[in-house]
Every structure is written in C-alpha cells, then in structure tokens.
C-alpha cells in the first residue's frame, strides 16, 4: 500500500507549510516557513514538530482556538516512495499534484537547537 504525504498551507500567526509524511502509522511533521522547493537545488528550512494522526492529513478548515489557530488548506498531496531513512537523513520520491520527484530531508550540523530538530528540505536530482 502506498504511503501518503500532504503539504498543508497553514495561515496561523505566521504563514507556513506543514509537510507531513505517513510513516510507522503516524504523520511525521515539519513546519516549512517558505513555499516548498520545486526546483533541483532549492533548499528550505523544515522544523520538525510533533507527530500527528494520519487522519489529520486530509484536514482543511479553520482552527478556531489555541495552538495552530488559523486556516488550513491542502497545498499538495499524493503518495511517496521511501528510498532510505536514517536518523539524520530521509530520501524519498514524491508523486503529488505539484511536487514530483526525488526529495531529501537532512539535519545539517547546526540542526539541533533548543530541543527542536531543524532539517533542510530539498529537491534533488532524480
């Protein structure tokens, strides 16, 4: 069964994109402050946040109160194939409506700050 991914455009206190990969029964999640990379070589900061329920990957609507208050819309979705996964690097191939091809999530040397893992999300050569 193919694994799902979603990118939710989240207009909260700051506009950002919630990038989620279905993995081990949960939606592994990263907050990406800028539009996700569409061209080879483009890199974006991706701050790892708490895992979400896989069911949340289809959510669109308004969060009225509390953490994450704001409007959520699906920016892209589809399936992905996992190529490799290590503690500090995940390589995968997206098959979405907007994003297609090989992508990498990587923790750079400076990437662990204040208990949060800061990753780079980048489009790679296929």
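Since every read-out is calculated from the coordinates, none of them should be taken as a lab result. Only a predicted model underlies this, so the values are computations on that prediction, with no experimental measurement involved. Using ideal geometry, Cβ is built from the backbone for each residue, glycine included, and neighbour counts are taken over all protein chains shown.
Could you say whether any residue in segment 61-70 is in a loop (DSSP other than H, G, I, E, B), surrounded by 14 or more Cβ atoms within 10 Å (Cβ to Cβ) and touching a strand residue (DSSP E or B) at 6+ places or on another chain (Cβ under 9 Å)? Working first, answer last.
Here is the first cut: in segment 61-70, the residues in a loop (DSSP other than H, G, I, E, B) are 64-69.
Adding the requirement that they be surrounded by 14 or more Cβ atoms within 10 Å (Cβ to Cβ) leaves none.
There is no residue in segment 61-70 that is in a loop (DSSP other than H, G, I, E, B), surrounded by 14 or more Cβ atoms within 10 Å (Cβ to Cβ) and touching a strand residue (DSSP E or B) at 6+ places or on another chain (Cβ under 9 Å).
Select from segment 46-60 the residues that are in contact with a strand residue (DSSP E or B) (Cβ under 8 Å, 6 or more places away or on another chain) and either in a helix (DSSP H, G or I) or closer than 17 Å to residue 36 by Cβ (or both) and list them in ascending order. So that I can check it myself, show each step before the final result.
Of all residues in segment 46-60, those in contact with a strand residue (DSSP E or B) (Cβ under 8 Å, 6 or more places away or on another chain) come to 46-54, 56-60.
Result: 46, 47, 48, 49, 54, 56, 57, 58.
When the residues of segment 24-51 are narrowed to those that are crowded, with 18+ Cβ neighbours inside 10 Å and over 10 Å from the mean Cα position of the chain (by Cα), which ends up nearest to residue 112 (Cα to Cα)?
Only one residue fits best here, namely 44.
Out of segment 72-90, which residues are over 18 Å from residue 18 (Cα atoms) and either buried (at least 16 other Cβ atoms within 10 Å of the Cβ) or in contact with a strand residue (DSSP E or B) (Cβ under 6 Å, 6 or more places away or on another chain) (or both)? Reasoning before the result, please.
Initial filter on segment 72-90 (over 18 Å from residue 18 (Cα atoms)): 81-89.
81, 82, 83, 84, 89 - these are the residues of segment 72-90 that are over 18 Å from residue 18 (Cα atoms) and either buried (at least 16 other Cβ atoms within 10 Å of the Cβ) or in contact with a strand residue (DSSP E or B) (Cβ under 6 Å, 6 or more places away or on another chain) (or both).
Quick check on my filter: what residues within segment 24-35 are under 12 Å from residue 52 (Cβ atoms) and touching a residue at least 60 places away in the same chain (Cβ under 8 Å)? Full working, then the answer.
From segment 24-35, those under 12 Å from residue 52 (Cβ atoms) are 25-31; that's our starting set.
Across segment 24-35, the qualifying residue is only 30.
Can you go through 123, 109, 100 and tell me which one is buried (at least 17 other Cβ atoms within 10 Å of the Cβ) and farther than 21 Å from residue 24 by Cα? Please lay out each step first, then the result.
On the way: 109 fails: buried (at least 17 other Cβ atoms within 10 Å of the Cβ); 100 fails: buried (at least 17 other Cβ atoms within 10 Å of the Cβ).
Exactly one residue qualifies, and that residue is 123.
Scan segment 1-42 for residues that are farther than 14 Å from residue 105 by Cβ and outside any strand (DSSP E or B) and report the count.
Selection size over segment 1-42: 14.
Being crowded, with 16+ Cβ neighbours inside 10 Å, touching a strand residue (DSSP E or B) at 6+ places or on another chain (Cβ under 6 Å) and over 20 Å from residue 117 (Cα atoms) is the requirement here; does residue 4 meet it?
Values: crowded, with 16+ Cβ neighbours inside 10 Å: yes; touching a strand residue (DSSP E or B) at 6+ places or on another chain (Cβ under 6 Å): yes; over 20 Å from residue 117 (Cα atoms): yes.
It is true that residue 4 is crowded, with 16+ Cβ neighbours inside 10 Å, touching a strand residue (DSSP E or B) at 6+ places or on another chain (Cβ under 6 Å) and over 20 Å from residue 117 (Cα atoms).
Quick one: is residue 107 under 15 Å from the mean Cα position of the chain (by Cα) and more than 13 Å from residue 21 (Cα to Cα)? Break it down into steps so the answer makes sense when it comes.
Working: under 15 Å from the mean Cα position of the chain (by Cα): yes; more than 13 Å from residue 21 (Cα to Cα): yes.
In short, yes.
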